[in-house]
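Take this structure first; my questions come after.
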Amino acid sequence: MTPTDYTHAASPLGEQQGASILSRFLTQTHFESQDDFIRNLHFKIPEHFNFAYDVMDVWADEQPDKTALLWTNDEGACRRFSFAELKTLTDRTAAWFTQLGIGRGDKVMLILKRRYEFWLSMLALHKIGAIAIPATHMLTRHDIVYRNTRAGIKAIVCVGEEYAMKQVSDAMADSPTVEILVSVGPQQADGFHDWQREWPEAPAFARPANVNDNDDTMLMYFTSGTSGEPKMVAHDYLYALGHLTTGVFWHNLTPDSIHLTVADTGWGKAVWGKLYGQWFAGATVFVFDHEKFTADKLLRQIEKYRITSFCAPPTVYRFMIHEDFSRYDLSSLRYCTTAGEALNPAVYDKFRRLTGISLMEGFGQTETTMTLGTMPWNKPKPGSMGLPNPQYNIGLVKPDGTPCEDGEKGEIVIKVQNTFSVQSEECRVQRYDYSQDLNIVDKSGSVTNGGHDDAQCPNPESNHTSSLYTLHSELKKPVGLFKEYYRDEEQTRRVWHDGMYHTGDVAWRDEDGYYWFVGRIDDVIKSSGYRIGPFEVESALMTHPAVVECAITGVPDDIRGMVVKATVVLHAEWKHQAGDELVKELQAHVKRETAPYKYPRIIEFVDELPKTISGKIRRVEIREKDKNKE
């Protein structure tokens, strides 16, 4: 294949359809450059914004027959849902949930894997103002009790499989807040409502009079726990709006797109890539419901269903690039993105050689939408996290809180002070103080940028508080940033202080403004006075043909303080060579690829790395295992 442009074309009809929806929420819907994006990304924020009504039901009215969701599984079943059908089915689900006793503010845990009932449940919960709490099907009884009691969960909607249902049932004795259990099948058990039998008989749905305010909690995630106990990340209703930039601009989607994101619905990446942003764009969301991942199965789905846009964590790409791509017809594929952990340049290079497509990296957290990314108008730099998304005020700070210069390592922060808002009958434009060169809404309602008037908000002095778009005076954070760690004020203050949200991720910025990941603050290794980021060493190791994937951690050392350890998964054809000679070869390779002081003095070969449900490497688990060996 020959290299492709970073953008792909949409049909005029597709562009027109997408712009119609987007213009309800943005003052400008198309951007040509990063400067254009910075100057002219302005949100129009409705009062009582609700994604299910204000986006999905609007699509159902305007494009009722367009495919919204294309679901298939590894047994060959396939279902297509139009926008009109999704409206009908989510209304029915909302009515049934209401009949069961679920209402505004109630917390509902969804353990649904990749079953299409997840999408019906999510949108239905939005329609009645209840709080969705997606969770992985791999939770144990202990995990479920912890979540039920910490969050005060009222209902659990569960996949009808023996393991998941048993863990839920066994947790009930110690879960006094849980009143309602639902199984979507195929299996059923005592105490569970039967979705397949009861749901079709649901009454007609009547939209509640007061569904939500913008700052109500809409969604909560228990963090994947790369370190410490899981925290409850609470998002308001504007979180969905914050993902508009994720799907429309970072994923580069249009109504003509068929988009596949690899993510279990228990992970926040599912709503990053399989719900909000993609349906703002009017794209078809493709879901492959499978039990066990193999790169071959995934590539076959891309070929069979003519996927145009693909997003997966680097772990998936690392396995894909070792397949024989000549066996697959991937000609439909136009655009590929990656997030979830840092992308090794070696993986980027090989994927581009195989497909002609550049991987466009993005960065964010469970607590945010996409905060840094490589947009279609940006030239990708392999291994870089990309440039700041202008809906956030991104910075790098040193441990003393002072700003980093280009080239200096520091913590990525989001500044949340100096928020300016405007109220009017026709629109509300919100921008943030980006010091000298980004948009600020002044008191007259004009959006200014270095003396240039880029947009005008009509009637800035309007006092009509009942207008469609209105001032939310309490909003002191960017659209898409989390509200709090629910019921954990101490943890919230630990990361949200001094006018900044502290991400805990360390990076450096180059002279072009691109950010480069170093590691989590607690992952950075201090050895003989040097600060060594795991990703730097991992990227060097990944260029050796023996290595499939690896994790770099620090091991205590009496002389150096810490020494670098590499935990390595080898290719099958190299496994018989695991031993001292290969250790020396890999050490020498790292010394050639990066500064010699970073080389791993300890190398351990393993069959697999410990990971979260989202595919992130759990370096903390490796450190704990090594600590227990001492």
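Working only within the range 47-61, note down all residues that are surrounded by 20 or more Cβ atoms within 10 Å (Cβ to Cβ) and under 16 Å from VAL479 (Cα atoms).
PHE49, ASN50, PHE51
For ALA10, only one of the following conditions fails: (1) open to solvent by less than 30 Å² (accessible area, probe 1.4 Å); (2) modelled with pLDDT of 55 or more; (3) over 22 Å from the mean Cα position of the chain (by Cα). What is its number?
Looking at each condition in turn, ALA10 falls short on (2).
Still on this structure, I have one more. Is it true that ILE521 is within 16 Å of LYS409 (Cβ to Cβ) and open to solvent by less than 10 Å² (accessible area, probe 1.4 Å)?
no
Is it true that THR265 is out of contact with any Cys (no Cβ under 6 Å at 6 or more places or on another chain) and either at positive phi or surrounded by fewer than 24 Cβ atoms within 10 Å (Cβ to Cβ) (or both)?
Considered against the rule, which asks whether it is out of contact with any Cys (no Cβ under 6 Å at 6 or more places or on another chain) and either at positive phi or surrounded by fewer than 24 Cβ atoms within 10 Å (Cβ to Cβ) (or both), THR265 comes out as no.
Please identify the pairs in which a residue from the range 204-220 that is closer than 22 Å to MET109 by Cα and open to solvent by less than 50 Å² (accessible area, probe 1.4 Å) has its Cβ atom under 6 Å from the Cβ atom of a residue that is among the polar types (S, T, N, Q) and assigned to a loop (DSSP other than H, G, I, E, B), counting only partners at least 6 apart or on another chain.
Correct list of pairs: VAL211/ASN50; ASN212/ASN50.
Failed condition for GLN577, given (1) open to solvent by less than 80 Å² (accessible area, probe 1.4 Å); (2) touching a Leu at 6+ places or on another chain (Cβ under 9 Å), with all others met?
(1)
So the check is Cβ under 6 Å with 6+ separation or different chains; which pairs have a first residue in the range 313-338 that's of a type in the set (S, T, N, Q) and a second one that's assigned to a helix (DSSP H, G or I)?
Note: pairs meeting the criteria are THR338/PRO314.
A follow-up question, please. Any residue in the range 581-596 that is buried (at least 21 other Cβ atoms within 10 Å of the Cβ), in contact (Cβ under 8 Å) with a residue 12 or more places away in the chain and charged (D, E, K, R)?
No, the range 581-596 has no match at all.
Still on this model: Taking HIS137 and the conditions (1) within 16 Å of VAL271 (Cβ to Cβ); (2) touching a helix residue (DSSP H, G or I) at 6+ places or on another chain (Cβ under 7 Å), which numbered condition does it fall short on, given that it satisfies the others?
(1)
Let me ask another. Restrict the check to the range 563-582 and report whether at least one residue is within 30 Å of ALA135 (Cα to Cα) and either of a type in the set (S, T, N, Q) or in contact with a helix residue (DSSP H, G or I) (Cβ under 6 Å, 6 or more places away or on another chain) (or both).
Checked the range 563-582: at least one residue is within 30 Å of ALA135 (Cα to Cα) and either of a type in the set (S, T, N, Q) or in contact with a helix residue (DSSP H, G or I) (Cβ under 6 Å, 6 or more places away or on another chain) (or both).
If I go through the range 250-261 residue by residue, how many of them are open to solvent by 10 Å² or more (accessible area, probe 1.4 Å) and either assigned to a helix (DSSP H, G or I) or in contact with a Pro (Cβ under 7 Å, 6 or more places away or on another chain) (or both)?
Count: 1.
For the range 62-174, which strands (runs of 3 or more DSSP E) that fit wholly inside it have 2 or more residues that are open to solvent by 40 Å² or more (accessible area, probe 1.4 Å)?
Fully inside the range 62-174 and qualifying: 78-82.
Give the range 93-132 a look and list any residue that's under 20 Å from the mean Cα position of the chain (by Cα), aliphatic (A, V, I, L, M) and farther than 18 Å from PHE51 by Cα, or say none.
Once the filter is applied, which keeps residues that are under 20 Å from the mean Cα position of the chain (by Cα), aliphatic (A, V, I, L, M) and farther than 18 Å from PHE51 by Cα, the range 93-132 yields MET109, LEU110, ILE111, LEU112.
Something else now. Quick check on the range 537-565: of everything there that is among the aliphatic types (A, V, I, L, M), part of a strand (DSSP E or B) and within 14 Å of ARG601 (Cα to Cα), which residue is most open to solvent (accessible area, probe 1.4 Å)?
That would be MET562.
The values are calculated or read from the model by the stated rules, or taken from the named source; none is laboratory data. Everything numeric in this text was worked out from a predicted model, so none of it was measured. Using ideal geometry, Cβ is built from the backbone for each residue, glycine included, and neighbour counts are taken over all protein chains shown. Quick note on the areas: whole protein, heavy atoms, side chains included, nothing else; ligands and nucleic acids left out. Shrake-Rupley method; radii C 1.70, N 1.55, O 1.52, S 1.80 Å.
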